[in-house]
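The values are calculated or read from the model by the stated rules, or taken from the named source; none is laboratory data. All figures in this text were calculated on a predicted structure; none of them were measured in a lab. Counting neighbours? That spans all protein chains shown, and the Cβs are built from the backbone with ideal geometry, glycine included.
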Amino acid sequence: MKAKTIIIAASIALAGIAIIGYNKVKTLKAIFDQMTIEPSGIRNFKYTVSKITFNLDITITNPTQEAFSVSGASLASLKRVMVYMGDKFIGMATVNLDAIEIPPQASLTVKNIPLEVATENAIGLLSVQNLSLDIFNIMAVVDVFGNEYTIEG
């Protein structure tokens with residue numbers, strides 16, 4: 001009789017944890033759907049015949065009334081940042097930032113993301129007279145509980 005009671009109690013506890021986890025994922029997804037991302041700084045711009053490299057800062061904004069906060073145990077991580085000039089792919093950086101916390105109505109700035117652009121993608125950058133942040137579109141790939149979500153800027 002004791003073993004049966006322990007099994008039932010453990011099953012109820014696991015079901016409760018699963019429901020809480022599912023609700024957390026739903027909440028995080030709803031916040032992600034409203035987040036925006038934009039470039040906020042460029043530095044260490046260098047170019048050679050074969051490539052262009054620079055460090056990019058990005059700002060992720062949470063316009064909602066709920067905090068986006070996950071940290072520890074690799075529950076959420078910023079995986080990749082992809083940079084476009086208009087619709088043309090420029091380059092990608094692997095970030096792997098494990099702790100992401102953005103309060104309601106606030107922003108998180110990730111600084112010094114090293115970006116390397118191949119020559120074939122760099123031609124458009126070299127022809128730009130005044131390189132500014134306005135010409136770039138940013139996409140960030142965030143992994144939450146094993147599911148990847150894209151934030152577009």
**Study point:** Qualifying positions in the stretch 87-97 - within 11 Å of the chain's Cα centre (by Cα) and exposed (fewer than 15 other Cβ atoms within 10 Å of the Cβ)
**Key:** Thr94, Asn96
Point to revise | strands (runs of 3 or more DSSP E) contained entirely in the stretch 73-149, each with at least 3 residues that are at pLDDT 80 or above and in contact with a strand residue (DSSP E or B) (Cβ under 7 Å, 6 or more places away or on another chain) | key: 76-85, 88-97, 106-118, 136-144
Practice item. Return yes or no: is Gln34 under 14 Å from the mean Cα position of the chain (by Cα) and surrounded by fewer than 14 Cβ atoms within 10 Å (Cβ to Cβ)? Key: yes
